[in-house]
Structure formats: C-alpha cells, structure tokens
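To start, the structure itself, in structure tokens.
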Amino acid sequence: MSPLRWIFLGLAIWGAVHPMSYFLPWLLENGADLQGLVAAWKVSRATTGLYWDLVIAAVALTVWILAEVSVRRNWVALVAIPATFLVGVSFGLPLYLFLRARPVA
C-alpha cells in the first residue's frame, strides 16, 4: 500500500475516533435526542455557521462521490456516503480518498 493511502487511512481513523470522543459522551448524557442535537449545533451564530459549513461540505462530497463512482465503477467507494452522514466529513472524505487511491485493475 502506498504511503499516501496510509495517510488517508490514518486520517479516516482519526476523523472517526476524535469527533466521536465528544459526540458519544453527549449521546450518553442526552440520549438519542435528535432535536436536542440540532439545537446544540445552533446555539450560537458561530456554531450555526460551522453546522452549515459541514452540511454543505457533506453534500458536495456526496455529489463528487456519485459522479466519480459512476465513471470509475469503484462501487465500494459508495460506503463513504453513509460514513459521511453517520460519522462526519472528517471521516467520510479521507475514507473516500483512501478507497479512491487504490490501484484500479
């Protein structure tokens, strides 16, 4: 495996684990309260701006993945879409780059 793929894999792992170290304690404290989670994201103008920044980045990444998968036929890369929306862009983007950088047969 190339050094670049190792970097992408490391970033994907970091992008999954680090944000979850903040999110999971919140979930344990508040339960699966989706309305409470969205309210926490919109507690100030700064967090609302960050929220929308990540939503737009996730949508752009999804469009990019769909466009490239349709051309490259790298179907396994579609796993990066649910990874992006269930964990975050910090996991989905490096995971997609890791999957995209594999040698094509």
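Numbers below:
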item	result
Estimated 222 nm signal from helices in the chain, with DSSP H stretches of n ≥ 4 weighted -39500 (n - 2.57), rounded to 500	-26500 deg cm²/dmol
Cα long-axis angle, helix 89-100 against the chain (0 to 90 degrees, to the nearest 10)	10
Relative contact order %, the chain, counting alpha carbon pairs below 8 Å whose residues are six or more apart	43
Segment Arg5-Leu86, length gained on full extension (0.36 nm per residue, minus Cα span)	26.9 nm
Rg followed by Dmax, in Å, when the chain is reduced to its Cα trace	15.5, 49
Principal-axis tilt of helix 45-72 within the chain, Cα atoms, nearest 10 degrees	20
Estimated inter-spin distance, Asp33 and Trp14, nm [label 7 Å along Cα→Cβ]	3.3
Net length gained if the chain between Ile56 and Lys42 were fully extended (0.36 nm per residue, minus Cα distance)	3.5 nm
Helix axis angle, 3-30 relative to the chain longest principal axis, alpha carbon, degrees	20
Where labels lie 7 Å past Cα in the beta-carbon direction, separation of Phe23 and Leu78 in nm	2.2
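Quick note: the coordinates plus some simple rules give every number you see, no bench work behind them. Keep in mind that this is a model prediction, so the values were computed, not measured. Don't worry about glycine lacking a Cβ; one is built from the backbone with ideal geometry, like all the others, and counts go over all protein chains shown.
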